[in-house]
Amino acid sequence: EFSLVRFGGDQARYDATYAGAEPIQPQDIAETIFWILNQPAHININTIEIMPTMQTCGGLFVERN
């Protein structure tokens, strides 16, 4: 939605930008939380970062096949 606004409502440009990209789904987050909650009591998870494989950190580029 953000990009659609950023592209001035240009749906074709939006579609082309995200063609082939698979976003994180609610089930992905749920499975991660389940995994965290099922770790042994002696495990402390301080930080977790979840990103789709088609997203990159600032300054890096992802090549889509």
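The values are calculated or read from the model by the stated rules, or taken from the named source; none is laboratory data. Here the structure is a predicted model, which means the values were calculated and not measured. Methodologically, a virtual Cβ is constructed for each residue, glycine included, from the backbone with ideal geometry; neighbour enumeration extends over all protein chains shown. Note: areas computed on protein heavy atoms with side chains; ligands, DNA, RNA excluded. Shrake-Rupley method; radii C 1.70, N 1.55, O 1.52, S 1.80 Å.
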As a test question: what accessible area, to the nearest 10 Å², does THR53 have when a 1.4 Å probe is rolled over all protein chains in place? 130 Å²
Using a 1.4 Å probe and ignoring any ligands, DNA or RNA, find the accessible area of ASP28 and quote it in Å² to the nearest 10. 70 Å²
If each of ILE24 and SER3 carries a label point 7 Å out from its Cα toward its Cβ, how far apart are those two points in nm? 1.6 nm
